[in-house]
Amino acid sequence: CVLCGRTDDCPEKYGEKSTYVEYNLTVHYYCLLMSSGIWQRGEEGEGIYGFLITDIRKEVNRAAKLKCNICKKKGASIGCVAPKCKRSYHFPCGVQKECIFQFMGDFRSYCWEHKPVQKFSVKGSRESSQCIICLELIEQLPLYSVLKSPCCKNAWFHRECLQYHALSAGVFFFRCSVCNNKDQFQKEMLRMGIHIPEKDASWELEENAYQELLQCYQHCDVERCLCRRGRDYNEPDSKWEIKRCQCCGSRGTHLACSSMKSWEQSWECIECSVFAKSGNYSKQQKRSLATSEKTGGTTCLLEEPSPKCPRLSSGSQHSFLLQSPKIMCQSNVTPCSRLEFPASNRMTMSLSPLKANRSLSLQKKRLSQQRREVSNILKELKLQIKTKTTRLNINTENIWKSALKGFRQRSFSPTNTIEIKFTRYRNRLKRDTSDGSKYRFFKLLMLNLQNSSLFEGSSIKNLTLDSQALKENLYFEAGRMIAVSLVHGGPSLGFFSKTLFDCLVCGPENVKPALEDVADVGVAQTIKMIKYSNSLSSLQSTVHDCYEFLAAAGCLRPVTTLCDKNMLVNDLLIYHVIKRIISPLESFRQGLKTLGVLEKMQMHPDAFSSIFCHEPERLSAETVCDLFTIHCSSDINKVESADFWMGYLQDVESGESVVTLEDILLFATGCSSVPPIGFDPEPTVKFLHIRYPVGNKLHNCLELPITKTYEKFKNKMEFTIRNTLKVERE
C-alpha cells in the first residue's frame, strides 16, 4: 500500500486492497479514506473511489515527510483531530494501538489518548456477560475491545464480532441484536469506530439464498410403504403422489400407502391424530384462526382445510363479489386482504344510489389518507439520501437501455442524489438536477417498464416469465428501479394487479389468483371451459381435449365428479399466475428491498397498494389550490390576487380554458401529477410585478403577474403555459 507500506490483505481490518496497474498504485481502502490531507473531489467513477490520482500522489508526498508515532517510520498520513495533538500514524499502526477511526462525516481519527470512550456505570463493572454475537464471556470494562449497546442495558459485544456483523449486514440491516433499534445503535457504533458499509446485507445479495424454503416435504412416513421405488418417490397425479398431513405438513404418505382413492381425501399423521383425539387440537385450531383474523394472515391455499374447523368458501362468505358488476374488478382480492374488509361492505347490494355515491366518496377519502401515509413513509426513507451525486446520462430515444447502464455502473449508489443528463435533446446535452427533470426521467422509465416483456396484461399487469430477462437479472433491476424511483420522487405506478401486489407483500403461498389474472387469451379460454362445464360428461370431454395443456401444468388427474372442476381450476390458476413465475417474483422482490422499500410495503400494505394498484388521483381545483401556498409582498392586494388564482383554477377544472390542471402543475414543478413522496420544497405561488407567469421548477415556485382585471390574468396564464409546454414537448 502506497500509504501505509504494508502488504497485508485483510479487508475486515484495513478495507479492500486494490491494485491499479494503469496508475501504478496499490492502496488499502481505509488508508485512503482516513488520510488527513485528501478529499474526494472527483465523481464516483473518477480516479480511485472518487479520489483523483493527482490528489493521491500529493498525499503520498505529504505523508512521506511525517514520521509515525507508533512504528517510527515515514509515511504517516493520518493525524489525531484533537486540538494541540500532533500525533501522526499509519492506519494499521493506529488499529494496533487502539486508535478510533470514525467512518462518517469528516472521517475523523483520534489517537490512543484522545479517543472517545463509552460511559457506563462502574457499579457492575467487575461482572461478566456474554457477547450477544459469539456468546463467549466478556468483561464489563471500558476497554477498546468491548462495546456496549446504547439502547439495551445488558447487551455487550466484542468489537471484532460487531465489526464482522456490520460488514455483513450493511447499513440497512445493522441494528441492535436485542431490541432491533437501528438509529441510536448505528450512531453510537459509528462514534466508536465501527465501519458500516453502504450496501445491502450479504445474505440479500446471494441469489436464490432462500430457495430451499419453497420446497415441500416429500417423504412417505407410514409404517409400511408399498412403493417399490422407495419412500422418497413422488409421481404427481398418480397413486404414488405424496400427500402431506393436513395438520402439521411435516409428515407424508403415498396415496396408495394410506388407501386413498383421490387427492381430495384428507389425511392426518399418527401424531396429529392422537393429538386431535385428546381434545386439545380443536381448541388450538380455533385459537390460531382467531389470531389469523386479527393479523390479516391466512392459512396456506395449497393445503387442505381441516375438517375439524372448516373454513367458509369464498363463494359463501363473499358472494356479493360475484353479484355486483361494479365490484368484479376486485374479484382477485386475496384471502389475506378480504379478512380486512369491514362487515358493512357485505351489504353492497342493498345500498341506495345515494349511499353508493357516499361509499365511493369514502373510498376516495380512504385512498387519499393512504397516499398521505405513503408520503410520510417515503420521506422517512429519503433520509438515507446523501448530498453526494451520481450522474445518469439518459438517452431519450432509449430510456430503458441507458437507465439500465446507469444503474449497473460501479459508481451508482441508491443513497446518492441522482442527477439527470438527457442526451440527444435537439442534438445537445441538457443537464438538470431539479425534481421535475428526475420526475420526467422516472415517469418515462416506469412507462417503459410497464410496457416491457417483464409484465403481461392490458392495463392491470402481472409478472411474466421471460427466460432471457431472468438470465440477465432484469427482474431484480426492475424492482430496484421502482424502489429508487419512489424514494427519489418518481411517479405512482398504478398498473400492478392486486394479485401481484399481494404476492410481494404476503408471499405467493398466501395468494389466491383469479381468472382475470391470466393474460394469455388461449389459457384463459381453456380454464373458462373447465370452470363453466355444467355436466360431468362435458367436463371429462374438456379434460380429454386439453390433455397436453393439463399435463404441462402438472394438473392432469382423473375427473370423477363435477365438483372436481373447482380444484382443477384453482390449481391451473395457481400454476399459470404464481408457480410459473416464482423465480422472476423472488428476483423482483430482492430488487424492491433496495432502500428498505419492500420492508415498508410489508408493514403498510394498504397504504402502498394505493400507489401500486391505483392510478394517481385526478387533479381538482381544490387539490391544486391546497397544494400551493400563496406568498405576497406587503404592497400587493393578497385577497384580489388569490381570487384571480382560485377563479382561474375553477375555470380550468370546468373546461373553460385551453390548458388543464395537469398543465399548470407541469409548468410550475415539472410534474404532471403529485409524486407519492410529495414535493420538496413545497409548491408556492408568488404574485409579482412581472409581465408574464414564470414556472421555477427548481424551487417549485409559480410566479404570477399582478393584473387589474381577471380577463388579463387569464389570457396571460393561458398564453404562457400553452406556448411554454408546446416548446418543451417539441
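Do you know which residues across segment 8-17 are touching a helix residue (DSSP H, G or I) at 6+ places or on another chain (Cβ under 7 Å) and open to solvent by less than 40 Å² (accessible area, probe 1.4 Å)?
Result: TYR14, GLY15.
I'm checking my understanding of the structure. Among residues of segment 514-537 that are charged (D, E, K, R) and assigned to a helix (DSSP H, G or I), which one is least open to solvent (accessible area, probe 1.4 Å)?
The residue in question is ASP517.
Looking at segment 242-254, is at least one residue under 23 Å from ALA552 (Cα atoms), crowded, with 19+ Cβ neighbours inside 10 Å and more than 39 Å from the chain's Cα centre (by Cα)?
There is at least one residue in segment 242-254 that is under 23 Å from ALA552 (Cα atoms), crowded, with 19+ Cβ neighbours inside 10 Å and more than 39 Å from the chain's Cα centre (by Cα).
How many residues does segment 607-617 hold that are surrounded by fewer than 16 Cβ atoms within 10 Å (Cβ to Cβ) and at pLDDT 85 or above?
Residues that pass the stated criteria total 1.
In the list THR561, THR542, THR499, which residue meets the criterion of being in a loop (DSSP other than H, G, I, E, B) and hydroxyl-bearing (Ser, Thr, Tyr)?
Only one candidate passes the filter, namely THR561.
Can you list the strands (runs of 3 or more DSSP E) lying wholly within segment 637-730 that have 3 or more residues being open to solvent by 60 Å² or more (accessible area, probe 1.4 Å)?
Strands (runs of 3 or more DSSP E) meeting the threshold: none at all.
Would you please name the residue that is modelled with the lowest pLDDT, looking only at residues in segment 412-426 that are hydroxyl-bearing (Ser, Thr, Tyr) and over 21 Å from the mean Cα position of the chain (by Cα)?
The qualifying residue modelled with the lowest pLDDT is TYR425.
Being modelled with pLDDT under 90 and open to solvent by 30 Å² or more (accessible area, probe 1.4 Å): is that true of CYS625 here?
yes
Would you tally the residues in segment 677-694 being farther than 28 Å from LEU381 by Cβ and either small (Gly, Ala, Ser) or touching a Lys or Arg at 6+ places or on another chain (Cβ under 6 Å) (or both)?
1
Considering SER541, SER587, which residue is free of Cβ contacts under 8 Å to residues at least 60 places away in the same chain and out of contact with any Cys (no Cβ under 8 Å at 6 or more places or on another chain)?
SER541
Being open to solvent by less than 50 Å² (accessible area, probe 1.4 Å) and in a loop (DSSP other than H, G, I, E, B) is true for just one of GLY479, GLY489. Which residue is that?
Of the residues listed, the single one that is open to solvent by less than 50 Å² (accessible area, probe 1.4 Å) and in a loop (DSSP other than H, G, I, E, B) is GLY489.
Of all residues being of a type outside the set (D, E, K, R) and open to solvent by 70 Å² or more (accessible area, probe 1.4 Å) in segment 24-44, which is nearest to PRO414 (Cα to Cα)? Just the residue, please.
GLN40
So which of GLY489, GLY554 is in contact with an Asp or Glu (Cβ under 7 Å, 6 or more places away or on another chain), at positive phi and either in contact (Cβ under 8 Å) with a residue 12 or more places away in the chain or among the aromatic types (Phe, Trp, Tyr) (or both)?
GLY489
Those residues that are within 15 Å of LYS199 (Cα to Cα), within 22 Å of the chain's Cα centre (by Cα) and open to solvent by less than 50 Å² (accessible area, probe 1.4 Å), I need them from segment 137-185; list them, please.
Answer for segment 137-185, where residues must be within 15 Å of LYS199 (Cα to Cα), within 22 Å of the chain's Cα centre (by Cα) and open to solvent by less than 50 Å² (accessible area, probe 1.4 Å): ALA166, LEU167, SER168, ALA169, GLY170, VAL171, PHE172, PHE174, ARG175.
In segment 380-410, what residues are in a strand (DSSP E or B) and surrounded by 18 or more Cβ atoms within 10 Å (Cβ to Cβ)?
Across segment 380-410, the qualifying residues are THR390, ARG391, LEU392, ILE394.
Table: residues versus (1) more than 30 Å from GLU472 (Cα to Cα); (2) touching a strand residue (DSSP E or B) at 6+ places or on another chain (Cβ under 6 Å).
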site: GLN540; (1), (2): yes, no
site: CYS555; (1), (2): yes, no
site: ILE574; (1), (2): no, no
site: ILE581; (1), (2): no, yes
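Go through segment 191-208 and count every residue that is open to solvent by 30 Å² or more (accessible area, probe 1.4 Å) and at pLDDT 90 or above.
Adding up the residues that qualify gives 1.
Of all residues in segment 56-88, count the ones that are over 43 Å from the mean Cα position of the chain (by Cα) and either crowded, with 17+ Cβ neighbours inside 10 Å or assigned to a strand (DSSP E or B) (or both).
12
The values are calculated or read from the model by the stated rules, or taken from the named source; none is laboratory data. Because the structure is predicted, anything quoted here is derived from the model rather than measured. All Cβ positions, glycine included, derive from the backbone under ideal geometry; neighbour counts span all protein chains shown. All accessible areas refer to the heavy atoms of the entire protein, side chains included, with ligands and DNA or RNA removed. Shrake-Rupley method; radii C 1.70, N 1.55, O 1.52, S 1.80 Å.
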